[in-house]
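Enquirer: Take a look at the following structure, please.
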Amino acid sequence: MSDILKALIEIVGERGVSNTPEEIWFYSRDPGVLTPHLPDYVVAPRTTEEVQKIVLLANREKIPVVPMGNGMSLTGLVIPLKGGIVLDMKRMNKILEVNAMARYAVVEGGTSQGVLKACLQEHYPQLRHSIPDAPPTTTIAANAALHGQGRLTQQYGFNSEMVTGLEVVLPTGEICLIGSPSLGPYWFSRGPTMPDLSALFLGWLGTTGIITKIGLRLYPNKKIRDVELFVTDRVDLIPDILYKLTHLEILEDVNVWFQPKPLMFQGNFHITLYFTGDTEEEITFKRRMIWDALQEYMDSKDGGFMSVQYMKEMLMEMPQRGIADFADVPKGGGFEYSGPITILSHFPQYAAKVVELAAKYDVLYASSARLISGGHCMMFSISFAFNRNDPAMMTRVKHALDEATAFALEMGGIPWKPNFMEQKMIMEKMDKNALKLLLMIKKNLDPQGIMNPGNWEVNT
Amino acid sequence: MYALKWKEKVCATCTSAECLLKCQYISFTRHDEAHGEMMKVVRGEDSRVLHECATCYACEEYCKRGNHPFYLISERREGRGMFTAPRPITNQWKNMTQMQGKYMVGPVKDKVLSCCFIPDLGILGTGEIFKDVASAVAFGAEFMCPAVHTHFARMSVIKERLPIVIENLVKLGVKEVICLHDECYGTFTAIASAYGIDVPFKPIYYMDFLLSRMREMKDRITPLGIRAAYQRPCSNRLIPDKYPLVKEILDLIGVELPAREYQGENCLCCGEILRSISGYKLADDVQERNLNDMVQTGAEYCVFNCPACQSSLSEKVAKKGLTPVHIINLCKMAIGEKEREAR
């Protein structure tokens, strides 16, 4: 047994560490198309102190450390590109506090979306958090760390903007509290009125530290949720439609999607509109506002509301499982997407690009855009399904996604949760002084370059 | 291509113009005005009827002279390139009901139980009432009556698809097709006849089948002793001679149908197509009037014939305190096969 393995066992116990081939095989990959790479060890700590000891060990031994939530980014963000330790955070899954009056929760760094959802439903039914359309096993900290989105993103912004404080183990081993918890027992503010230090850890994809605790805003959970589905066959109208809808300031969530299969969806662009209320009167009032806002498109016959009765159960799911169904249309259960953040007025160009790429690379597409912060921008997902047992198809998907990212950058968009190649493309395009600042911050926080190496690096 | 069998002279000599004077959605007060507008439709001219018709099917019932005002309005609309509903909704319905080879057929002999393209019908067509035919089902777009496209003024879709549906049923080698969907029976009888499309099997209306079976099982019936309001579907306007069956069946199982304003010829549609075509204002108004009328009769249940109406109105009638139930399930309750729907 190696000295490192012995040291890791001393920190987390025998059941918390492994280097057996069958276990590190699983930690070498994610469900996307990127090439797997084996770690040397997988470690599952239970406490912040254990995380700290592991990081100190990694510093001494100069071993890479890759913090991992549930490993569902699809873009290889937790594939250990340079080996080392994969730090599986799932055993740190406790809800530490719910402050109902201040509407925030504090959870450990490996707590899943499903655990928080279940806790709130049972004990705080008047509160909810912004659930992403990802499996419920995905973690809150990882989602925030990669600027994830969820069901409340249209109203309140990226899920990372809902962070109210952090506890972080720095790459050099110090435990650091960020925001109001650095001054007292309350987790109500990530920064204001101080400098917002949380920005040193959100969006960095685990390259600047390990989030061991996270505070998260909670929001009112209205008694009734409802949905409408507007369709149009004119992509050029989509930006104006979205502009009118967001002007209403009453929508919980807005998703625009189009796909060629099944046949009933072919040729149309669908806008799913979620809204909430505490009474039937409130729901009816909001529904009428939505319909009135789009009446001109009905009058011109360019768009209309479709009946949602038969789809309602599926549409109301949180998270929506139907997204996974798409992965299995070509059989073999794979899908990956490029999800650039961009402005609403670019929707028609992005939509045309999806169709073009699908035809060029002979792959099946489905596309969905989620509005962010009342329409200031959107996440436009360019999704392709593939058969995991068909390497040629996976290569075609990879090429299509690379081209989608290049297109997004040309259009002035920002790739979301970029893989290491896409990060390089971003860094090549970004303002040189901004890049200098980025690298300076990273170098200062992680002088040995052990945190998730290969990511946000110029010379990978 | 099949063409509508329709006589201009019948309209030209009509002294009642009831097709439009009785219309619940286009206001006419004088015979000459209504007759004049209908004659514009007849001559292929523009008319307010083409712009205001809500596609409720009712004029097919109002016309007592055997002409087909609604099919003609729909033909004229399509001929002028008009859309009743928004274009993407119209095309979505066309795509959604496209035959794609994804159908289900059970062990069929001389009879088939047609479930159209409505999954709920497969569940309804089971149990003691349907014991001899329950497994002999046909389901899918290949067996779907395309009448819904009249709402969207796309008669070309009906003329194209109906002969194929009929041919698909003929290929099963059946002599009788028991139609669990009201609209299927209306299509195989009224629409096929209006277009001269041959139907080489005997369509059986499920309410005829239901009445016959309930009579056979009369000694098993425990009268339900309830009051109910009936939601008549638009497609029943194509087969008004079958409307009395509802009362006969309900009488047999001890369900009282109290008189109400919106029944028979004056019934109101479920409103969902109106929502697609005209928007929420008309649909909400129609549904509100209809449901309040049901409540005022003291009805405890709202009885449905069409699963689409049931899907549209169930939640709304439940909020008004009525229990939504399909007439087949009401019969199953009467023979003790199904527990009473919880109120």
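The values are calculated or read from the model by the stated rules, or taken from the named source; none is laboratory data. If you're wondering where the values come from, they're calculated on a predicted model, not measured in any experiment. Counting neighbours? That spans all protein chains shown, and the Cβs are built from the backbone with ideal geometry, glycine included.
Enquirer: Residues in the range A:218-234: is at least one among the polar types (S, T, N, Q), in contact with a Ser or Thr (Cβ under 6 Å, 6 or more places away or on another chain) and within 14 Å of chain B (Cβ to nearest Cβ)? Even if it seems obvious, please write down each step before you answer.
Expert: Keep residues of the range A:218-234 that are among the polar types (S, T, N, Q), which gives A:221, A:232.
Cutting the leftovers down to in contact with a Ser or Thr (Cβ under 6 Å, 6 or more places away or on another chain) gives us none.
No, every residue in the range A:218-234 fails to be among the polar types (S, T, N, Q), in contact with a Ser or Thr (Cβ under 6 Å, 6 or more places away or on another chain) and within 14 Å of chain B (Cβ to nearest Cβ).
Enquirer: If you don't mind, another one. Got a sec? Which of B:L274, B:L250 is in contact with a strand residue (DSSP E or B) (Cβ under 8 Å, 6 or more places away or on another chain), surrounded by 16 or more Cβ atoms within 10 Å (Cβ to Cβ) and either assigned to a helix (DSSP H, G or I) or more than 14 Å from chain A (Cβ to nearest Cβ) (or both)?
Expert: Working: B:L274 fails: in contact with a strand residue (DSSP E or B) (Cβ under 8 Å, 6 or more places away or on another chain).
Step by step, each of B:L274, B:L250 is checked, and only B:L250 is in contact with a strand residue (DSSP E or B) (Cβ under 8 Å, 6 or more places away or on another chain), surrounded by 16 or more Cβ atoms within 10 Å (Cβ to Cβ) and either assigned to a helix (DSSP H, G or I) or more than 14 Å from chain A (Cβ to nearest Cβ) (or both).
Enquirer: Tell me whether the range A:232-241 contains one or more residues that are free of Cβ contacts under 8 Å to residues at least 60 places away in the same chain and of a type in the set (D, E, K, R). Full working, then the answer.
Expert: Step one: list which residues in the range A:232-241 are free of Cβ contacts under 8 Å to residues at least 60 places away in the same chain, which gives A:240.
Then keep just the ones that are of a type in the set (D, E, K, R); that gives A:240.
Within the range A:232-241, one or more residues are free of Cβ contacts under 8 Å to residues at least 60 places away in the same chain and of a type in the set (D, E, K, R).
Enquirer: I'm checking my understanding of the structure. Among residues of the range B:139-178 that are of a type in the set (D, E) and closer than 30 Å to B:R213 by Cα, which one is surrounded by the fewest Cβ atoms within 10 Å (Cβ to Cβ)?
Expert: Step one: list which residues in the range B:139-178 are of a type in the set (D, E), which gives B:142, B:160, B:167, B:176.
Filter once more, so that each one left must be closer than 30 Å to B:R213 by Cα: B:142, B:167, B:176.
Numbers: B:E142: 21, B:E167: 11, B:E176: 15.
The residue in question is B:E167.
Enquirer: Considering the range A:78-115 alone, what residues qualify as being over 23 Å from A:V12 (Cβ atoms) and not assigned by TED's automatic domain parsing to the domain that holds A:M162?
Expert: Answer for the range A:78-115, where residues must be over 23 Å from A:V12 (Cβ atoms) and not assigned by TED's automatic domain parsing to the domain that holds A:M162: just A:L81.
Enquirer: Any residue at all in the range A:205-215 that is more than 25 Å from the chain's Cα centre (by Cα) and either within 14 Å of chain B (Cβ to nearest Cβ) or not in a loop (DSSP other than H, G, I, E, B) (or both)? Step through it out loud before you land on a result.
Expert: First, the residues of the range A:205-215 that are more than 25 Å from the chain's Cα centre (by Cα): none.
No, the range A:205-215 contains no residue that is more than 25 Å from the chain's Cα centre (by Cα) and either within 14 Å of chain B (Cβ to nearest Cβ) or not in a loop (DSSP other than H, G, I, E, B) (or both).
Enquirer: For the range B:167-192, which positions are without any contact (Cβ under 8 Å) to a residue 60 or more places away in the chain and over 25 Å from B:I328 (Cβ atoms)?
Expert: Listed by number, the residues that qualify are B:E167, B:V170, B:K171.
Enquirer: Then there's this: Can you tell me which residue among B:P324, B:P307 is outside the structural domain of B:Q24 (by TED's automatic domain parsing) and in contact with a Ser or Thr (Cβ under 6 Å, 6 or more places away or on another chain)?
Expert: On the way: B:P307 fails: in contact with a Ser or Thr (Cβ under 6 Å, 6 or more places away or on another chain).
Matching residue, one of B:P324, B:P307: B:P324.
Enquirer: Next question, about the same structure. In the range A:360-376, which residue that is hydroxyl-bearing (S, T, Y) and assigned to a helix (DSSP H, G or I) is surrounded by the fewest Cβ atoms within 10 Å (Cβ to Cβ)?
Expert: Within the range A:360-376, the subset hydroxyl-bearing (S, T, Y) is A:361, A:365, A:367-368, A:373.
Filter again for assigned to a helix (DSSP H, G or I), leaving A:361, A:373.
Details: A:Y361: 18, A:S373: 15.
Applying the filter and picking the extreme gives A:S373.
Enquirer: Is there any pair linking a residue in the range A:5-16 that is over 17 Å from A:P39 (Cα atoms) to one that is part of a helix (DSSP H, G or I), with Cβ under 8 Å and at least six apart or on different chains, and which?
Expert: Listed pairs, sorted by first residue: A:I11/A:E50; A:I11/A:K53; A:I11/A:I54; A:I11/A:L57; A:V12/A:E50; A:V12/A:I54.
Enquirer: Only one of these is touching a helix residue (DSSP H, G or I) at 6+ places or on another chain (Cβ under 6 Å) and either part of a helix (DSSP H, G or I) or in contact (Cβ under 8 Å) with a residue 60 or more places away in the chain (or both): A:L401, A:L437, A:L357. Name it. Walk me through how you get there before you give the answer.
Expert: Numbers: A:L401 fails: touching a helix residue (DSSP H, G or I) at 6+ places or on another chain (Cβ under 6 Å); A:L437 fails: touching a helix residue (DSSP H, G or I) at 6+ places or on another chain (Cβ under 6 Å).
That would be A:L357, the only listed residue that is touching a helix residue (DSSP H, G or I) at 6+ places or on another chain (Cβ under 6 Å) and either part of a helix (DSSP H, G or I) or in contact (Cβ under 8 Å) with a residue 60 or more places away in the chain (or both).
Enquirer: Mind telling me which of the residues B:L313, B:L322, B:L282 ends up being away from every other protein chain (no Cβ under 14 Å) and in contact (Cβ under 8 Å) with a residue 24 or more places away in the chain?
Expert: Details: B:L313 fails: away from every other protein chain (no Cβ under 14 Å); B:L282 fails: away from every other protein chain (no Cβ under 14 Å).
Result: B:L322 is the single residue among B:L313, B:L322, B:L282 that is away from every other protein chain (no Cβ under 14 Å) and in contact (Cβ under 8 Å) with a residue 24 or more places away in the chain.
Enquirer: Would you tally the residues in the range A:1-28 being modelled with pLDDT under 95 and under 23 Å from A:A134 (Cβ atoms)?
Expert: Result for the range A:1-28: 0.
Enquirer: Looking for something closer than 17 Å to A:G375 by Cα and within 21 Å of the chain's Cα centre (by Cα) - is there at least one such residue anywhere in the range A:217-227?
Expert: So the first thing to find is which residues in the range A:217-227 are closer than 17 Å to A:G375 by Cα, and the list is none.
No; the residues of the range A:217-227 include none that is closer than 17 Å to A:G375 by Cα and within 21 Å of the chain's Cα centre (by Cα).
Here is a yes/no grid of residues against (1) over 16 Å from the mean Cα position of the chain (by Cα); (2) among the hydrophobic types (A, V, I, L, M, F, W, C); (3) farther than 22 Å from A:M162 by Cβ:
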site: A:E61; (1), (2), (3): yes, no, yes
site: A:G71; (1), (2), (3): no, no, yes
site: A:G76; (1), (2), (3): no, no, yes
site: A:G83; (1), (2), (3): yes, no, yes
site: A:K94; (1), (2), (3): yes, no, no
site: A:A100; (1), (2), (3): yes, yes, no
site: A:A105; (1), (2), (3): yes, yes, no
site: A:S112; (1), (2), (3): no, no, no
site: A:A118; (1), (2), (3): yes, yes, no
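Enquirer: Do any residues in the range B:11-22 that are at negative phi and part of a helix (DSSP H, G or I) have Cβ atoms under 8 Å from those of residues that are surrounded by fewer than 18 Cβ atoms within 10 Å (Cβ to Cβ) and of a type in the set (K, R), where the two are at least six apart or on different chains, and which pairs are they?
Expert: Every condition considered, the pairs that remain are B:E18/B:K64.
Enquirer: Going through the range A:7-32 one residue at a time, which ones are acidic (D, E) and surrounded by fewer than 18 Cβ atoms within 10 Å (Cβ to Cβ)? Spell out how you get there, then give the answer.
Expert: Step one: filter the range A:7-32 for residues acidic (D, E), giving A:10, A:14, A:22-23, A:30.
Within the range A:7-32, A:E10, A:E14, A:E22, A:E23 meet the criteria.
Enquirer: Let me ask something else. Could you tell me whether A:A352 is under 25 Å from the mean Cα position of the chain (by Cα), exposed (fewer than 15 other Cβ atoms within 10 Å of the Cβ) and over 26 Å from B:S311 (Cα atoms)?
Expert: When the stated conditions are applied, A:A352 passes them.
Enquirer: Among the residues of the range B:217-239, is any farther than 23 Å from B:N290 by Cβ, surrounded by fewer than 23 Cβ atoms within 10 Å (Cβ to Cβ) and among the basic types (K, R)?
Expert: For the range B:217-239, residues farther than 23 Å from B:N290 by Cβ, surrounded by fewer than 23 Cβ atoms within 10 Å (Cβ to Cβ) and among the basic types (K, R): present.
Enquirer: Do we have any residue at all in the range A:123-143 that's surrounded by 23 or more Cβ atoms within 10 Å (Cβ to Cβ) and of a type in the set (F, W, Y)?
Expert: No, the range A:123-143 contains no residue that is surrounded by 23 or more Cβ atoms within 10 Å (Cβ to Cβ) and of a type in the set (F, W, Y).
Enquirer: When A:M314 is evaluated against the numbered criteria (1) of a type in the set (A, V, I, L, M); (2) at the interface with another protein chain (Cβ under 9 Å from one of its Cβ atoms); (3) within 24 Å of the chain's Cα centre (by Cα), which criterion, by number, is the only one it fails?
Expert: Answer for A:M314: the failing condition is (2).
Enquirer: Of B:A134, B:A138, B:A147, which residue is within 17 Å of the chain's Cα centre (by Cα) and either at pLDDT below 95 or more than 14 Å from every other protein chain (Cβ to nearest Cβ) (or both)?
Expert: Values: B:A134 fails: within 17 Å of the chain's Cα centre (by Cα); B:A138 fails: within 17 Å of the chain's Cα centre (by Cα).
Of B:A134, B:A138, B:A147, the one residue that is within 17 Å of the chain's Cα centre (by Cα) and either at pLDDT below 95 or more than 14 Å from every other protein chain (Cβ to nearest Cβ) (or both) is B:A147.
Enquirer: Could I ask something else about it? Kindly indicate whether B:V49 is under 23 Å from the mean Cα position of the chain (by Cα), among the β-branched types (V, I, T) and away from chain A (no Cβ under 14 Å). Steps first, please.
Expert: Numbers: under 23 Å from the mean Cα position of the chain (by Cα): yes; among the β-branched types (V, I, T): yes; away from chain A (no Cβ under 14 Å): yes.
Spelling it out, B:V49 is indeed under 23 Å from the mean Cα position of the chain (by Cα), among the β-branched types (V, I, T) and away from chain A (no Cβ under 14 Å).
Enquirer: Determine which member of the set A:K429, A:K443 is over 18 Å from the mean Cα position of the chain (by Cα), under 30 Å from A:F269 (Cβ atoms) and surrounded by fewer than 21 Cβ atoms within 10 Å (Cβ to Cβ).
Expert: Numbers: A:K443 fails: under 30 Å from A:F269 (Cβ atoms).
Only one candidate qualifies: A:K429.
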